[in-house]
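First comes the structure, then the notes that go with it.
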Amino acid sequence: MASIADSARERSRARLDEGDFTESLQAAREGLSAVPDDVELLVLAGRAGVELDSDDAVEHLRRATELAADDATAWHHLGEALAAEGLTKEADAAFRRAVELDPDDQIALTHLGHTSLAAGRQDEAVDYLSRAADNIQGASTAAISLVEMYRSFGRYEDAAAQAKRLAAAVPDDALAWLDVAELTFEVGQFDEARAAFERLREVDDVPGHEAYPIHGMLRVAVRGDEWERAQQLADQAAAIDPQGLGTDVGAFLRARTGGDGEDEPERVPTAEELDSALAASLAEYRRTLADDRRLSTGDSIG
């Protein structure tokens, strides 16, 4: 029996690592038919089953935690299986047990941060995500989620501080710099916001993205009553997209400063309308960068 279980474990692990979940699950099930209470085989069957949306994935992992109540890995994967089934409350309990057994499991900590937030436990959510972010370098899911969580709470200073740490860890990540730019703008740190938008122009050289950082700097300049700087930026924006926001900003600035202009639009936008249009442009930019980040990182962000 031992040799059957050993062979099944080896084959299931190898196929799982290769991403061949069907063969991994089949190997685990073959082993379990001979040794039904083998914890590692139960976990392997559960993990492969989650990937395949198998009906018995949760059952296998529940059985593993019953047989090995102190196995942090089993609890971790049970939590993921439960979360995949939409059983958030049970997933929360499983992740909590996984973290009790392995306090440095940053993935379980990240999951627990999300389930805590779903349960309305904001302080706990921040604590778990902060612990997870401290355990891994770079653009971890926890670090990214922490920025968004603080933003959703309206804690812009905390969000800005976290965004700066993230940008320092991944200095070529355009979305991290957009976070720094927008969040420092929100808290009135205009010099830092401007510098972050300038950094965006350096790290994002994708054709078609050129106008977005300029729109951000325009927002900063207009909010700070920096009319000369705003006019220079509006000219740059108009050169990139003559029919876009640069034209509207130019008209607004001439109306604001008493200048004359030819071919003005029939209606000059108000400051509120202009700010809303610039913010909408940056929101579109954020969606584009978020899609780019997902495509470039895939499942590599932990």
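The values are calculated or read from the model by the stated rules, or taken from the named source; none is laboratory data. Quantities reported herein were computed from a predicted structural model and do not represent experimental measurements. Positions of Cβ are backbone-derived with ideal geometry, glycine not excepted, and every protein chain shown enters the neighbour counts. Quick note on the areas: whole protein, heavy atoms, side chains included, nothing else; ligands and nucleic acids left out. Shrake-Rupley method; radii C 1.70, N 1.55, O 1.52, S 1.80 Å.
Some points to look at:
- On Cα atoms only, tilt of 211-223 relative to the major axis of the chain in degrees: 60 degrees
- Diffusion coefficient of the stretch 101-197 by Stokes-Einstein, Kirkwood radius over Cα pairs, 25 °C, 0.890 mPa s: 183 µm²/s.
- The chain: angle of helix 174-186 to the longest principal axis, Cα-based, in degrees nearest 10: 60 degrees
- Volume per residue of the C-alpha convex hull in the stretch 188-241, rounded to whole Å³: 63 Å³
- Mean shadow area of the stretch 1-76 over all directions, Cα convex hull, nm²: 4.3 nm²
- The smallest convex shape that holds all Cα atoms of the stretch 141-243, its convex hull, gives 101 Å³ per residue.
- The calculated pair-distance distribution of the stretch 77-134 uses every alpha carbon pair, bins of 10 angstrom beginning at 0, and gives 30, 58, 12 percent.
- The stretch 1-156 shape via C-alpha gyration tensor axes, a/c threshold 1.5: prolate
- Protection proxy ranking of 228-236, 104-112, 157-165 - average other beta-carbon atoms within 10 Å, highest first: 104-112, 157-165, 228-236
- The stretch 176-219 - Debye-derived log10 I(q)/I(0), Cα point model, q = 0.21, 0.23, 0.25, 0.30 Å⁻¹: -0.56, -0.67, -0.77, -1.04
- Residues considered: Glu273, Glu30, Glu198. Largest GNM mean-square fluctuation over the chain, using C-alpha springs under 10 Å, is found at Glu273.
- Given the alternatives (1) 37, 60, 3; (2) 27, 49, 24, 1; (3) 28, 41, 23, 7, 0, P(r) over Cα pairs in 20 Å bins from 0, in percent as computed for this entry is given by (3).
- The long axis of helix 57-67 is offset from the longest Cα principal axis of the chain by roughly 60 degrees.
- Calculated [θ] (222 nm, deg cm²/dmol) that DSSP helices of n ≥ 4 give over the chain, each run adding -39,500 (n - 2.57): -24500 deg cm²/dmol
- If you plug the beta carbon distance of Arg223 and Asp127 into 1/(1 + (r/R0)^6) with R0 = 41 Å, you get a FRET efficiency near 0.75.
- In the chain, the portion of solvent-accessible area held by carbon and sulfur atoms comes to 46 percent [1.4 Å probe, whole percent, DNA, RNA and ligands not counted].
- Prolate/oblate/rounded call for the stretch 36-105, Cα gyration tensor, a/c under 1.5 rounded: oblate
- Cβ crowding within 10 Å averaged over residues, with 4-10, 95-101 ranked highest first: 95-101, 4-10
- At R0 = 51 Å, FRET efficiency that the Cβ-Cβ distance of Asp191 and Asp55 yields, to 0.05: 0.35
- Sum of side-chain charges, Ala83 neighbourhood, beta-carbon under 10 Å (Lys, Arg +1; Asp, Glu -1): -4
- With each label modelled as a point 7 angstrom along the Cα→C-beta vector, the Arg286-Asp104 pair spans 3.5 nm.
- Computed from point charges on the beta carbon alone (+1 for Lys and Arg, -1 for Asp and Glu), the dipole magnitude for the chain about its Cα centre is near 380 Debye.
- Residue with peak Gaussian network fluctuation, the chain [Cα springs, cutoff 10 Å], from Val220, Val180, Val39: Val39
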